[in-house]
Structure formats: C-alpha cells, structure tokens
1. Being surrounded by fewer than 18 Cβ atoms within 10 Å (Cβ to Cβ) and either free of Cβ contacts under 8 Å to residues at least 40 places away in the same chain or closer than 21 Å to M313 by Cβ (or both) is true for just one of G158, G138, G143. Which residue is that?
2. I262 is checked against (1) closer than 30 Å to G108 by Cβ; (2) in contact (Cβ under 8 Å) with a residue 24 or more places away in the chain; (3) exposed (fewer than 15 other Cβ atoms within 10 Å of the Cβ) and fails just one. What number does that condition carry?
3. Tally the residues that are touching a helix residue (DSSP H, G or I) at 6+ places or on another chain (Cβ under 9 Å), part of a helix (DSSP H, G or I) and open to solvent by 50 Å² or more (accessible area, probe 1.4 Å), restricting the search to segment 286-330.
4. Given T257, T234, which one is closer than 19 Å to A191 by Cα and outside any loop (DSSP other than H, G, I, E, B)?
5. Hey, can you tell me all the residues within segment 226-242 that are more than 24 Å from R64 (Cα to Cα) and surrounded by fewer than 16 Cβ atoms within 10 Å (Cβ to Cβ)?
6. Residues that are modelled with pLDDT of 90 or more and of a type in the set (S, T, Y): find the strands (runs of 3 or more DSSP E) completely inside segment 47-166 holding 1 or more of those.
7. Surrounded by fewer than 16 Cβ atoms within 10 Å (Cβ to Cβ), outside any strand (DSSP E or B) and polar (S, T, N, Q): is that true of T39 in this structure?
8. Looking at (1) buried (at least 17 other Cβ atoms within 10 Å of the Cβ); (2) within 30 Å of V265 (Cα to Cα), find the lone condition where T148 falls short.
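The values are calculated or read from the model by the stated rules, or taken from the named source; none is laboratory data. Because the structure is predicted, anything quoted here is derived from the model rather than measured. Here the Cβ positions follow ideal geometry from the backbone for every residue, glycine too, while neighbour counts run over all protein chains shown. The protein model used for the area step is the full one, side chains on, heavy atoms only, and it has no ligands, DNA or RNA in it. Shrake-Rupley method; radii C 1.70, N 1.55, O 1.52, S 1.80 Å.
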Amino acid sequence: MPWTEQLGIDLGTVNVLVYVRGRGIVLQEPSVVAQHVDTGEVVAVGEEARAMMGRAPETIQVRRPLRDGVIADYRVTREMLMHFIKRARGRQLIRLLKPHVIVTVPFGVTQVESRAVRQAALEAGASKAYLIPEPLAGAIGAGLPIHTPGGHMIVDLGGGTGEAAVLSVYGVVTSAAVRVGGVRMDEAIAAYVRRKYNLMLGLPSAEEAKIRIGAAMPLEEPMSMEVQGRDQVTGLPRSVKITTDDIVESLEEPITTMINMIKSVLERTPPELSSDIIDRGMTMIGGSSLLRNLDQLLTQETGVPVYVADAPMACVAVGAGKAHALLPYLHRTLSGM
C-alpha cells in the first residue's frame, strides 16, 4: 500500500495550523478570507487577507468563515481548507495521493456541525477525514499521559471558544465550553476604549494592545502604549495612551466567564480524578493562555496549580497529527471512522 501523508488540522476561529506527520507544524495562518462581494470569488486567504481587514474597498469583503469554533460559511471554509492543505503539502510528487486528515472541533458540537467540518475536509482534498475534540487533541499535543486511568485536566483557551475537560484512558470524562475566547477579549478591549476614551478602535488594534501590554491581573510595573482610532465626537483620527490596568479592567467579564467554566468542570469531576488533578494541576493551552498572569489568576481562583504548556498555540494541531498513530485506541472518541 503506498504511503499516504497524514495531516492534523487545528481549524480555529482565529488561526489555522497544519501539522504533517514526520515534518511537524508546516503552516500557521489566520483563518481569514477576502472575497469579491458581487461574484463571491475568493481573492485572498490567510495572512494576505488579514492584512486587508478594515482596509479593503467596498467591493471586497474580509471575514472569518468560522465563528465560535464552528463553520459559519461552508463554501468559504472549504476553499480556505483547500488552499491551506495545498500549501502544507507543497509541490511533492506525493501530492498525487490524497492525504488522511484529522480535523479538530470543539467538544460537544452538534452532528450537523461535525458533518459540515468532515465534508469540507473531504471536498478540500482529503481521502479520509476524522474529527477529534480539541481538548483531547490538545492533551495529546501537550504530552499528557491520557492513556493511563488517571485524571488529567486540560484548559484550551482559543480564539473563538474556551474549553475545559478532564480526560482519562483516551476519553473525555467531563467537560464544559463557553463561546468566549481571544476574539471576545478583543471586542471587550475595543468596547472599553470606546466608553472610557470616546475612541472607536478596530479589532486588530485591540488585539495588538492585548498582546503587547495585556494581563489578567495588575502588573508590578504596568506597561502602556498608544492606540489610534476615530474620535466618536469629532469623527477625526485621534490617538490615546492606554495602560495594562485598562486591559485588566476591560477583560474582567470574559475572564470571569472562563473561570466559572473551569470551576463547573472541577465541581462535576469524580472524587478519584479530583485528587489526581490536585496533585498534577491543570495544563493550559491555546493562544489566549499566553495572556500575562492568567495562570496565576486561575490558580488563585480554583486552588489548583495551573501550568502553561510548551508552545501552547501548537498543541492542538500537533495532537491532531499524532492522533493518526493512536486511531486504534481513539475509535470511541473520533467520528468519521
């Protein structure tokens, strides 16, 4: 039987990462598509499309085809996936063989949503497509020994959703998810700046502020930066200086939602597994886990040690790629087999 490439795809609301077994992460691009308004033709994908956000003419619509971790526009998602799979595979002769693909989905998605993701992957060029819950893929990518009969807790804070799950013996014991992630944080920052400074701020600028000076708790030495936007009163361009304390205050609501989700999972965890989690702590993955002091805040609020995984943004894609070798053990968890 000829060798077939095996891909793991983290199909996120904000970013798409592709892992090729034997090569590692080969692609990380924003999940953004630019298309012509009249014809629907896709004119740019990924980083090229993201650069157009807020800057494109009226004839070009720039948007994210996924919302809260699930497909919002099927056709555009399929074209985006096709573009990324082609780029990830390169110009090798092996491209004559269609790859086997494992795509991540939020835990608890509906059958209709799952079917849409799997069908999009098949139409994008996969010969076989499986789905794996993001917490399970993230735990595999983070190197947690989930094959053992012990409790392992993963907290996946991505762009569109936040998920927490307790895993044991390749399965999810209990979990919870909220449709709050990095995008909701950016929106909260933009809304705060609008209220406090009367400045209309674009989401890319809000995201930049979150990354550069953001934190979940006040810092000993707060940072500051200037942001540019449009004055709500005069309608003219204006810049203001915002600080880390501004970001902390603006993120209070979305972070509280995430904390409550994590607490709900801990409350529903069987006692035997709870003792394992207290001993081992919980592992945090996803892009939003990089927010300064978030691990300290979660430890403070839950009483359980929280650790940020190495390369937290890549864990889900790496786990999806490594899951190919674990298919015999994951048959009860994966769909599409």
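1. Working: G158 fails: surrounded by fewer than 18 Cβ atoms within 10 Å (Cβ to Cβ); G138 fails: surrounded by fewer than 18 Cβ atoms within 10 Å (Cβ to Cβ).
Among G158, G138, G143, only G143 is surrounded by fewer than 18 Cβ atoms within 10 Å (Cβ to Cβ) and either free of Cβ contacts under 8 Å to residues at least 40 places away in the same chain or closer than 21 Å to M313 by Cβ (or both).
2. Status for I262: all satisfied but (3).
3. Adding up the residues that qualify gives 3.
4. Numbers: T234 fails: outside any loop (DSSP other than H, G, I, E, B).
From the options T257, T234, the qualifying one is T257.
5. So in segment 226-242, the residues more than 24 Å from R64 (Cα to Cα) come out as 226, 231-242.
Scanning segment 226-242 gives E226, D231, Q232, V233, T234, G235, L236, P237, S239, K241.
6. Because the criterion is at least 1 residues that are modelled with pLDDT of 90 or more and of a type in the set (S, T, Y), the strands (runs of 3 or more DSSP E) in segment 47-166 that meet it are 100-105, 128-133.
7. On the way: surrounded by fewer than 16 Cβ atoms within 10 Å (Cβ to Cβ): yes; outside any strand (DSSP E or B): yes; polar (S, T, N, Q): yes.
The answer is yes for T39.
8. (1)
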